[in-house]
Structures are given as C-alpha cells and as structure tokens.
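S.K.: Okay, handing you the structure first.
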Amino acid sequence: MSQIIKAGLVGVTGYTGMELARLMIHHSSMELVRVTSRAEAGKKLADIYPFLNRLPLGDLVITQPDPADLAEECDVVFLAVPHKTAMEIASSLLDQGVKVVDLSADFRINDKATYEEWYAVEHTRPELLAEAVYGLPELYLDKIMGARLIANPGCYPTSSILGLAPALAAGLIETDDIVIDAKSGASGAGRGKNVGSLFCEVHDNFRAYSLPAHRHTPEIEQEISKIAKTDITVSFNTHLLPIDRGILSTIYTRLTNELSLDEAHQVYTDFYADKPLVRVLPIGQLPETRFVKGTVFCDIGLVVDPRTNRLIILSAIDNLCRGASGQALLNANLICGLDMDEGIPMAPMMP
C-alpha cells in the first residue's frame, strides 16, 4: 500500500474549510491530520461541524495555526485564510519543505503593484510571485504537477476563464468588447458576520455588488490576456443570487468573423476534448447551477446571435467546490503525484 500523504488545513471554520473537510472524508491517499483555527482551537471538528459525527475526521482536534507544527506533521498544507495572512504562512511552510495550496488571492496576481492596487495591502513576499503556479489544470497542468506553491484560482475567475479560453485561443472573438455578467450564491461572501449575507437580505432578492471594480477583475484579465497574447480589459459585473452555492457567468463577446453555432461548438469540444472536468453541453442545452452543485465540473453552453454578431458563452460552476476547495484538492493531488480527481465527488447534490 502506498504511503498516505498527510495534509493540513489552516482556516477550517470558513465555508472553504468546511467544504474541504467534506471532500477529505473519503480520500483514500491523503489524510487531513491538522486543522487550525485561533477561535476554535481545542475543539473537535465534529463540535463545530456536526455533519462529521461518527465520520473519520470528526474526532480531529483543532489546533492553533503553528507553521513549525504543520511542517513537522504535514506534506502539503491548504491555506483557507484571508489575503495578506496567507503570504507569511506560505513563506514559512515553503522554507520548511512543505508544499502549499493557497486559496487566498495572495499569489494569484503576477505583478506586485497590481496586487497592491486592488487589495490595498503590501505584498511582503513578492519573490514568490514568479514561482507560484496558477492552479487551473485545464491551462497549466504540467506546471502544477511540478510545483510546490499553488495559487488556487478565485471562483469567478475559474468560471470566466474557462468560458473564454477556447474562443480567445482560436481568435473567434474581439478582445476589446467582452462583458462578463456573473452571478454567485451567498456562500461566495464567506462565513463571517456580514449583514448583506443574512437570510432576510438575500432571500427573495437579487442585486448587483462591487461594481465596477470587483477584486477578481485583474485575475481574469491577467489570465485571458495570456491566452489571447494581448492585453485585455473586460467589463466584469457581479450579482448575488438568493441561493447557497453556485456561479453562472453569462459572457457577451463580439465575433471576429461570421460563425455558426456548430462551428463554435466544435471549437469548444475540441479544446476541452482531453479535459474531462469541463463539460461542453450539447447544442441547445444551457448550464444550470444545480447540475454542478458539490462537484468540480464546469458546464459550458454556447449561443450564437447572428443579428448582433455575438457569441454568448454561459459557464456554471459550484463556487465552493470547483471555485475553491474542490479545485484546491485537484491541485494538491497533482503536486503530490496522485490522480487529479482522486477523492473528488463527481455526482452533483440533487435536488
């Protein structure tokens, strides 16, 4: 039997930590041996997450975040902490030979000045920006497999980049007229105390937020500019859905030349033919958040509007799973030499 990989999780009390704990329950090659929280240290995981009662992780005791202890006990550590906090912990763990998957934004932006402009904090470990690999397996599989530091993509960027990549790579669309209309479930705001996320604020309501400067904008522009090999500025607009989890991005683009839906669909199916976690839906079928709930799938649907000369791309993911914890586990599997989808649930939570 192969040796079990020991994993740690810094920041277990948020939604991403909760989701990662759920995913790790049945992983056959990786064991969660350390979970940390300053506020909940000393409790068992089942004390804060009753769904773990009588399950393998339920008796795991939460500890204070201590890089030395994590380095001694773990082969790989997930950082599910806010931006600014992650960069220092990551640096310490890397110095001690531990692989890191960072779920914050601290290593996603390649340029230090751009990060500091959008996140309004100093980046104290800029030397790691060039090393960090952007953890989108469909684009960077080979680099991820050889990495020790993964910048786990944001939820909105995952949906948007996967939706746009084939069209940009094939030159199907203009690069100066891209509008991303993205909608997320309330869990995307995190588990902290936030009036805007209260049930009475979200239920039976639908609203936009963070317009016109959502912090995920530079991450999207950075990655799609690499694909198109030219600088791209997008109009990125976010909305809050009255659901728990899920993202649906509707992306409006302008075609460079006349194109049929059959031709566009073929470009997308060819691009993702060897990338099984992106499902290009049959012509006439459009993505729905319920069909990706709790999974790492990204479902993509296409519409060609000849009247306006537009290719409309629809992309759906689960913001907590593919957009955060599930994608982090994909990346951890890869940097630890495992099959990418090991321990990952494939059937959605239905209904």
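S.K.: Past the 23 Å Cα-Cα mark, which pairs from Lys84/Lys229; Lys6/Lys275; Lys44/Lys183; Lys112/Lys226; Lys143/Lys293; Lys44/Lys99? Don't jump to the answer; show the numbers that get you there.
M.R.: Details: Lys84/Lys229 30 Å; Lys6/Lys275 27 Å; Lys44/Lys183 35 Å; Lys112/Lys226 17 Å; Lys143/Lys293 28 Å; Lys44/Lys99 25 Å.
Distance filter (> 23 Å) returns Lys84/Lys229; Lys6/Lys275; Lys44/Lys183; Lys143/Lys293; Lys44/Lys99.
S.K.: 222 nm [θ] for the chain, helices only, -39500 (n - 2.57) per DSSP H run of 4+, per residue, to 500?
M.R.: Values: 11 runs with 101 residues, N = 351.
Helix-only estimate at 222 nm: -8000 deg cm²/dmol.
S.K.: Also: Mean separation of Cα pairs under 8 Å and 6+ residues apart, divided by the residue count of the chain: what relative contact order is that in percent?
M.R.: Numbers: 774 pairs, mean separation 60.7, N = 351.
Worked out over the chain, it gives 17 percent.
S.K.: A follow-up question, please. Within the stretch 234-331, list the GluC sites (Glu not before Pro) lying in a DSSP loop whose Cβ has at most 16 other Cβ atoms in a 10 Å radius.
M.R.: Working: sites: Glu258, Glu263, Glu288; in loops: Glu258, Glu288.
Answer by residue number: Glu258, Glu288.
S.K.: Starting from the stretch 212-244, pick out the trypsin sites (Lys or Arg not before Pro) whose DSSP state is loop and whose Cβ has at most 11 other Cβ atoms within 10 Å.
M.R.: Numbers: sites: Arg215, Lys226, Lys229; in loops: Arg215, Lys229.
Sparse-neighbourhood loop trypsin sites (Lys or Arg not before Pro): Lys229.
S.K.: Output the relative contact order of the stretch 156-320, whole-number percent, from Cα pairs under 8 angstrom with separation of 6+ residues.
M.R.: On the way: 347 pairs, mean separation 51.0, N = 165.
Dividing the mean separation by the residue count of the stretch 156-320 yields 31 percent.
S.K.: While we're on this one: Among Leu129, Leu338, Leu198, which one shows the highest mean-square fluctuation when the chain is modelled as a Gaussian network with alpha-carbon springs under 10 Å?
M.R.: Taking springs between Cα atoms under 10 Å, the residue moving most is Leu198.
S.K.: What is the packing order of peptides 176-187, 150-161, 265-276, 298-309, taking the mean over residues of other C-beta atoms within 10 Å and listing the highest first?
M.R.: Values: 176-187: 20.4, 150-161: 28.8, 265-276: 15.2, 298-309: 17.8.
The most tightly packed comes first, giving 150-161, 176-187, 298-309, 265-276.
S.K.: Which chymotrypsin sites (Phe, Trp or Tyr not before Pro) from the stretch 133-227 combine a DSSP loop assignment with at most 12 other Cβ atoms within 10 Å? Spell out each step's value before the answer.
M.R.: Numbers: sites: Tyr134, Tyr140, Phe199, Phe206, Tyr209; in loops: Phe206.
Loop-located and lightly packed - Phe206.
S.K.: Also, I was wondering about something else. Which residue, chosen from Leu9, Pro242, Leu314, occupies the Cα position most advanced towards the positive end of the dipole of the chain, where the dipole is computed from +1 (Lys, Arg) and -1 (Asp, Glu) charges on Cβ about the Cα centre?
M.R.: About the Cα centre, the residue reaching furthest to the positive side is Pro242.
S.K.: Counting Lys and Arg as +1 and Asp and Glu as -1, each charge on the Cβ, what is the dipole of the chain about the Cα centre in debye, to the nearest 20? Kindly include the intermediate steps, with their values, before the conclusion.
M.R.: Details: 30 positive and 45 negative charges, 166 e Å.
So the dipole magnitude of the chain works out to roughly 800 debye.
Since every read-out is calculated from the coordinates, none of them should be taken as a lab result. Fair warning: this is a prediction, and the values are worked out from it, not measured in the lab. Please note: Cβ atoms are built from the backbone with ideal geometry, for glycine as well, and neighbour counts cover all protein chains shown.
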